[in-house]
Amino acid sequence: MFGDLDKPDGPAGLRLLSYYGRTGMFAAMRLLLPSDHILFADGSRVPSGETFRFSRESLRGEFVSGIVPDIETGGHAVISAVPVIHDGRVTALLFGVVRLEDLPRYWQPGSVLRSMTTVLVDAETADVLLDTTFGLVGRRAPL
């Protein structure tokens, strides 16, 4: 949908960000723009800093980040990124924001399993994203 837009950061793009803002595990949707700014659904923009640079990230294609600061809450997040392609070029990157503190809601015991432990680990860094046994969310130390 964003790829159909001449300006993904224009009014139609903001409507899409707002409409899909909280979908499934995503706490928010944002756009990384070529100006190295992150666009929020309300139209506000903040510099992306060193964590995400459009020139670097646009070459990666689809990716999932490691643990990064959530610029909205100050907590920790993981970003699922997808390039927005218009007329054969990347015009933005769509970021789905997964807040680490929200993860325990998605892995809870159900009627079949009375109890369970869930541990999510970043395969590249060995950072523990979630450990329900000890109530850890976003621990930066390796196992």
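Each reported figure results from applying straightforward, stated rules to the coordinates on display, with no laboratory input. Computed from a predicted structure; not experimentally measured. Please note: Cβ atoms are built from the backbone with ideal geometry, for glycine as well, and neighbour counts cover all protein chains shown.
Taken along the Cα-to-beta-carbon direction at a fixed 7 Å, the label points for GLU101 and MET25 span 1.9 nm. Listed by Cβ neighbour count within 10 Å, with the fewest neighbours leading, TYR106, TYR20 appear as TYR106, TYR20. Amide H contacts for VAL121 (H built 1.01 Å from N in the peptide plane; partners 5 or more residues away or on another chain; cut-off under 5 Å): LEU129. If you plug the beta carbon distance of LYS7 and SER55 into 1/(1 + (r/R0)^6) with R0 = 22 Å, you get a FRET efficiency near 0.70.
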